[in-house]
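Here's the structure we're looking at; comments come further down.
The values are calculated or read from the model by the stated rules, or taken from the named source; none is laboratory data. This is a predicted model, so every value here is computed, not measured. For neighbour counting, all protein chains shown are included, and Cβ atoms are generated from backbone atoms with ideal geometry for every residue, glycine included. With ligands, DNA and RNA removed, areas are computed over all heavy atoms of the protein, side chains included. Shrake-Rupley method; radii C 1.70, N 1.55, O 1.52, S 1.80 Å.
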Amino acid sequence: MTVPPAPLDWAATATKAAAQAAVELGLGSAALAGLDAQAWGRIRGRTAEILAVQGSPLPPDWERALARALGRADADELARDEADTVLAEKGEVFAPEDDA
């Protein structure tokens, strides 16, 4: 069963909430796509709180939808990139279909 994507209007609302969260957490208007994992976790948590107060329900897979809306790579993509980097450093030959 696939999870339906978050509605487009939700993504716009969540993006605004994430920007507000960044300001509240003292991250200013930093590029949310490039935050480290710890800061990203703080942003996600505060964004969820802001959306809850606004009465905006979190859709299934909301964290991934938020990451996409902000131009951030998702965790699965980052894990594949890290694995490919390790293989490349070892001189291994790999291709995208090797991730299957």
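Key figures for this structure:
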| item | result |
| --- | --- |
| Whichever residue in the range 13-28 is free of Cβ contacts under 8 Å to residues at least 12 places away in the same chain, open to solvent by 40 Å² or more (accessible area, probe 1.4 Å) and not β-branched (Val, Ile, Thr) and, among such residues, is farthest from ALA67 (Cα to Cα) | GLY26 |
| Unique match (being among the acidic types (Asp, Glu) and modelled with pLDDT of 85 or more) among GLU82, GLU89, GLU77, GLU63 | GLU63 |
| Close pairs (6 angstrom Cβ cut-off, 6 or more residues apart or separate chains): more than 16 Å from VAL23 (Cβ to Cβ) in the range 37-56, open to solvent by 20 Å² or more (accessible area, probe 1.4 Å) anywhere | SER56/THR13 |
| Positions within the range 29-60 being among the small types (Gly, Ala, Ser), modelled with pLDDT of 85 or more, open to solvent by less than 60 Å² (accessible area, probe 1.4 Å) and in a helix (DSSP H, G or I), in sequence order | ALA39, GLY41, GLY45, ALA48 |
